[in-house]
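Here is the structure we will look at, set down as structure tokens.
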Amino acid sequence: MQHDAHTGHTHEGHAHGIGKVTWSTAAQATLHCLTGCAIGEVLGMVIGTAFGWGNVPTLILAIVLAFFFGYLLTLQGVLKAGIGLKAAIRVALAADTLSIAVMELIDNGVVVLWPGAMDAELADAAFWWVLAIALAAAFVITTPVNKWMIGRGKGHAVVHQYH
């Protein structure tokens, strides 16, 4: 018997989706993700710049740290719900991977493509302005992605059951 042929069957509670998601919910999920990404991005760029590393190693460190801190913030909240570390890691990976990846693509893309941004030093206002603009652009572009994912029971929808 085909799944669609079932009568009286609803999709509530299934992974197919949770229905209508507000922009506020999507923005909150994105802001959570942005917080971890921003911590990692800034720390990576500060470390790379302070040690005089080239652009590529600095960007790689910033991206790795963005994923690390993004996952860490989610892990922290999920572990408070009392689930084990292995399960919490799976939840964090499911909740944040696409969101962080989109955010990293956008914010690093802005920094790389902005004339002179990759050559700016920590003491340059341009370093901080371009980074702020890049993170703001990442927030704006990632919010609809999170709205779409949450509406389908993915992304931060996975985390909400542990709050």
For the stretch 33-47, take each phi angle, set θ = phi - 60°, evaluate the Karplus expression 6.51 cos²θ - 1.76 cosθ + 1.60, and give the result in whole Hz per residue in order, putting x for glycine and proline. 5, 4, 4, x, 4, 5, 4, x, 4, 4, 4, x, 5, 5, 4
Compute the distance in nm between two label points, each set 7 Å from the Cα along the Cα-to-Cβ direction, one at ARG152 and one at LEU93. 1.9 nm
Measure off 7 Å from each Cα along the Cα-to-Cβ vector at VAL112 and VAL56, then give the distance between these two points in nanometres to one decimal. 1.1 nm
With a Förster distance of 25 angstrom and the Cβ-Cβ distance between LYS20 and ALA137, calculated FRET efficiency to the nearest 0.05 equals 0.40
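Calculate, for LYS86 and LEU43, the FRET efficiency according to 1/(1 + (r/R0)^6) with r their C-beta to C-beta distance and R0 22 Å; round to the nearest 0.05.
Working: r = 27 Å, r/R0 = 1.21.
For R0 = 22 Å, the calculated efficiency reads 0.25.
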If each Cα of the stretch 51-102 is one equal point scatterer, what is log10 of I(q)/I(0) from the Debye formula at q = 0.16, 0.17, 0.21, 0.28 Å⁻¹? -0.52, -0.56, -0.72, -1.00
I want to check the label-to-label distance for THR35 and GLN76. Put each point 7 Å from Cα in the C-beta direction and report it in nm to one decimal. 0.7 nm
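Read-outs throughout are calculated quantities, based only on the coordinates presented, and are distinct from any laboratory measurement. Given the structure is predicted, the values throughout are model-derived calculations rather than measurements. Reconstructed Cβ throughout: ideal geometry from the backbone, glycine too, with neighbour counts over all protein chains shown.
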